[in-house]
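What follows is a set of notes on a single structure, which appears directly below.
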Amino acid sequence: ICGVAFKCSAAPFHMWTPDVYEGAPTSTTAFFAAAPKFAAIAVFARLLYEPFASLTEDWRQIIIVISILSMTVGSFGALVQNNIKRLLAYSSIGNVGYALMALAAGPGAGAASLLFYMAVYVATTLGLFGAALLMRREGQGFDQVDDLAGLSQTRPWLASALTILLFSVAGVPPFAGFFGKWVVFKAAVDAQLTPLAVFGALASVVAAYYYQRIIKVMWFDSPKPAFDRSSLGAAFVVLIAAIAVAPGILFLGWLELAADLATRQF
């Protein structure tokens, strides 16, 4: 559990994450914030639901503690960040906390909600880091929250896409992130983990502040010079991710069904 928790940036094994997210090239950070994290969570599920299935009541308490710590560190750690990549690092730690809540719910509904949540998380993360790749002026990269000031006036399409992605990761309906958290909370409640679900809801309220702070900077602050002409590849990723998470009600249907089918072995 300690080894895999380190791999997926769960607290208290998260210390490397903000520094690595900030120091690595943005394209590299986007990759290991999505694919390896999804893989690590999948390994977590396979490890606990199969060889240690008979010890569920023993490892569940550990996962609950790690989940609470991750949501706490992620929510409060991001509040004081001005660097976009460090903020997204703490956001990812918090999101791992929600994934671990689904993991703690156990096989069945817990496994399906875990897969559902991680699918939404990966789409949103790729979109957010794609937007970070577009923050360039005269060939120089920028990564501070204040560098997004007035983006709605200089790059309205990018501001709109970012707003959708931020609302989704914050869990605001009707975006896909809301339904991702909904199925996780429901699985936790069904597994008699109601206090954990309540804690997760409160952590979501704290996290919503720093997401809305970015939205406020983009839409209400005085504009800074426009970013360079968009890279077609990064712009495509941002738009596809925003389109994917915008009609969130669709995810509650086919994606939930796919997650159920994929986790029936548990």
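The values are calculated or read from the model by the stated rules, or taken from the named source; none is laboratory data. In this text the structure is predicted, and so the values were computed from the model without any measurement. Positions of Cβ are backbone-derived with ideal geometry, glycine not excepted, and every protein chain shown enters the neighbour counts. The area values use the complete protein model at the heavy-atom level, side chains included, leaving out ligands, DNA and RNA. Shrake-Rupley method; radii C 1.70, N 1.55, O 1.52, S 1.80 Å.
Worth a mention:
- Modelled FRET efficiency - R0 22 Å, N83 with S27, Cβ distances, 0.05 increments: 0.85
- Helix 56-78 and the long axis of the chain differ in direction by around 20°, with both axes built from C-alpha atoms.
- Take every Cα pair under 8 Å whose residues are at least 6 apart in sequence, average their separation, divide by the length of region 1-149, and the relative contact order is 29 percent.
- Most fluctuating residue given options P25, P51, P174, as computed from a GNM of the chain linking Cα atoms under 10 Å: P51
- Remark: accessible surface ordering of F44, F13 (largest first) is F13, F44, probe radius 1.4 Å.
- Using Cβ point charges alone (K and R +1, D and E -1), the dipole size of the chain about the Cα centre works out to roughly 280 debye.
- On full extension, the segment bounded by R46 and A201 gains 53.1 nm, given 0.36 nm per residue less the C-alpha separation.
- Scattering profile of the chain at q = 0.13 Å⁻¹ [log10 I(q)/I(0), Debye over alpha-carbon scatterers]: -0.77
- A full extension of the chain between D58 and Y209 corresponds to an added length of 50.8 nm, given 0.36 nm per residue minus the alpha carbon distance.
- In Å², nearest 10: area of I164 left accessible to a 1.4 Å probe: 50
- Cα coordinate range in region 108-180, projected on the principal axes (Å, largest first): 51, 22, 17
- Calculated FRET value between K186 and F142, using beta carbons and R₀ = 30 Å, to 0.05: 0.15
- Cα-projected label distance for I1 with T154, points at 7 Å along beta-carbon direction, nm: 4.7
- Accessible surface of L261 - all protein chains present, 1.4 Å probe, nearest 10 Å²: 100
- The chain, relative contact order in percent, only Cα pairs under 8 angstrom and at least six apart counted: 24
- Listed residues I84, G97, G108: farthest to the positive end of the dipole of the chain (Cβ charges): I84
- K186 accessible area, 1.4 Å probe, all protein chains in place, Å² to nearest 10: 110
- Radius of gyration, Dmax [region 132-266; alpha carbons; angstrom]: 17.7, 55
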